[in-house]
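Below is one structure; the comments refer to it alone.
Readers should treat all values here as calculations from the given coordinates under stated rules, not as data from a laboratory. These figures come from a predicted structure and were not determined experimentally. FYI the Cβ positions are ideal-geometry reconstructions off the backbone, even for glycines, and counts take in every protein chain you see.
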Amino acid sequence: MSQAVPAILLVDDDEGNRYTLARRLRRESFTDITEAVDGRTALTILRERPFDLVLLDVMMPEMDGYEVLSQIKSDMTLRDIPVIMISALDAIDSVVRCIEMGAEDYLPKPFNPTLLKARIGASLEKRRLRFQEEAYLRQIETEKRRSDELLHAVLPPGAIRELKATNEVLPRRYEGVAVLYCDIVEFTAYCDRNAPEKVVAELQSLIEEFERIVATHGLEKIKTIGDALMATAGLLQPIDEPLVAAVRCALDLVVGTQRVSPHWGIRVGIHYGPVVAGIVGKRQFLFDLWGDTVNMAARVCACAEVNSVFMSSLEWMRIRSCCQAKTRGTFALKGKGNIELVECLAIK
């Protein structure tokens, strides 16, 4: 309820009736009582302060109790206030009419004090339980938002959609995925020279900028690993020309890094091909990728120069019509032998 002592509005045009009923209520410890001499006054008072219950006479001049009840129930700010109708009318059709219009209860005059107390108590208890239920629903909604925030922190959007739709994210093999791997140059040395609070705050700002850029280009952030970022194009959500989108995103990451202090340098490696993806872990689960495509992206990244985007010449051939690049020579990649790598300069 709105306060410790319930606020009751008593509406009756007869002064004697108001006096008798108010005195009875105060004897029952209902001390916060406001009186209204007619329906219009009652509606004005209701809009000025909160009430927990309205005791409303039916037979009043100008605006009767039916009209007042109708206006209360049609007003979105007042409709949840319980209304008990009190009248000398005891005809069943009047009772039915009031209940159908939304009245909580109906009591005939002259009223029975014991019955009045019981029905007022029941109406106030129902109101208290409604408030309690609403509080529980708000708490549930808050917890749901927190749960969604947590899911978005550990899973890409496509995995979240699948999890909500099917209650699981099935591991599977995905064909034609562009994997982008990005890491910060000399980050470990920077950590050694600066306070932890400074490093983490600056890294947080950079990762937030990276996440914004990745989302802007339609890619999915998979995870951050220390100072490295892994993102994909064409994994869980469709995208036109995944490899082109990944290069465009990578070039934007290089530019975006310079917008965030302390303007670290980054390296980006991109590779295209099949991957296996799924959720691992139970206490701390993680959506992750595996396969040669992932390994190649990381190894190409390690060979890239500062603030550059590298990929193999074979992958560049797939998008040579729209990607301007220059060769950076042949590099020995673990498990792959000598591979020619190119630096992507622009997307036409």
> Sorting 152, 271 on the 10 Å Cβ count, fewest up front, what's the list?
Replying inline: 152, 271
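Counting only DSSP beta bridges with both residues in the chain, tell me the antiparallel percent, nearest 5.
65 percent
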>> To make sure I understand, if each residue's beta carbon is the centre and we count other beta carbons within 10 Å, what order do 309, 169 fall in, fewest to most?
In response: 169, 309
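Charges at C-beta only: +1 for Lys and Arg, -1 for Asp and Glu. How large is the resulting dipole of the chain about its Cα centre, in Debye rounded to 20? Mind showing how you got there, number by number?
Values: 44 positive and 50 negative charges, 284 e Å.
The dipole of the chain has a size of about 1360 debye.
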>> Counting only other residues whose beta carbon sits under 10 Å from that of residue 6, what net charge do I get with K and R as +1, D and E as -1?
In response: 0
> How many angstrom separate the Cα center of the range 109-148 from the Cα center of the range 295-348?
Replying inline: 66 Å
> What is the set of long-range amide H partners of residue 107 at a cut-off below 5 Å, with H atoms built 1.01 Å from backbone N?
Replying inline: 85, 86, 87
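Could you give the DSSP H helices of the chain that reach 20 angstrom or more along their long axis (alpha carbon positions) and whose average Kyte-Doolittle hydropathy is no lower than 1.0?
Working: long enough: 113-154 (61 Å, -0.82); 196-216 (30 Å, 0.15); 242-257 (22 Å, 1.59).
Passing helices, by number: 242-257.
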>> Between (1) 0.98; (2) 1.71; (3) 1.08, which entry matches Cα Rg over 2.2 N^0.38 Å as derived from the coordinates of this structure?
In response: (2)
> With charges only on Cβ, +1 for K and R and -1 for D and E, what is the dipole size of the range 169-347 about its Cα centre, in debye, rounded to 20?
Replying inline: 360 debye
>> Neighbour counts of other C-beta atoms within 10 Å: give me 328, 128, 145, 267 arranged from fewest to most.
In response: 145, 128, 328, 267
> What number, in percent, do you get for the relative contact order of the chain if the mean sequence gap of Cα pairs under 8 Å and at least 6 apart is divided by its residue count?
Replying inline: 12 percent
